[in-house]
Amino acid sequence: SGGQQQMLVIGRALMAAPKLMAIDEPSLGLAPKIIDQVYEILLRVREKRNLTLLIVEQSAARAMMTGGRMLLLRGGGIVLEGDARGLGQDERLRQAYFGFGDR
């Protein structure tokens with residue numbers, strides 16, 4: 001399944017004991033339950049190994065749940081940055097995400 005493939009890719013990457021792991025769209029094409037499992041594992045591994053995760057994710061809600069620093073990019077530039085959980089309560093996120101209001 002897609003979830004099993006995603007877990008295998010993550011496992012293979014972790015075998016190299018990286019300090020930084022870049023992951024592009026870990027939720028792409030997966031069922032919501034599997035997405036939850038993938039993120040649970042990523043966050044557990046992050047804590048256990050003191051690993052830095054660079055996650056590219058189109059779901060702002062999912063990205064905010066991971067905590068840490070969040071950057072919102074539009075047209076190749078940063079339009080908003082800050083603590084992921086804090087940005088979830090910030091009106092500027094909605095404005096930046098949907099492209100209206102002041103940048």
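Structural remarks
- Kirkwood Rh in Å, taken over all unlike Cα pairs in the chain: 14.7 Å
- The orientation-averaged shadow of the Cα convex hull for segment 1-48, equal to a quarter of the hull surface, comes to 3.2 nm².
- Virtual spin-label span in nm between residue 54 and residue 28, 7 Å along Cα→Cβ: 1.6 nm
- Within segment 1-93, antiparallel bridges make up roughly 55 percent of the DSSP beta bridges whose residues both belong there.
- By a 1.4 Å probe calculation restricted to protein chains, residue 83 has an accessible surface near 90 Å², given to the nearest 10.
- Principal-axis analysis of the Cα atoms of the chain puts helix 32-49 at an angle of about 80° to the longest axis.
- Mean residue ellipticity, 222 nm, helices only, the chain: the sum of -39500 (n - 2.57) across DSSP H runs of n ≥ 4, divided by residue count and rounded to 500, is -14000 deg cm²/dmol.
- Whole-number percent relative contact order across the chain, with pairs defined as alpha carbons under 8 Å at least 6 apart: 20 percent
The values are calculated or read from the model by the stated rules, or taken from the named source; none is laboratory data. Every value quoted in this text rests on a predicted model; they were computed, and no experiment measured them. As a convention, Cβ positions derive from the backbone with ideal geometry for all residues, glycine included, and neighbour counts pool all protein chains shown. Ligands, DNA and RNA are excluded from the accessible area calculation, which covers all protein heavy atoms including side chains. Shrake-Rupley method; radii C 1.70, N 1.55, O 1.52, S 1.80 Å.
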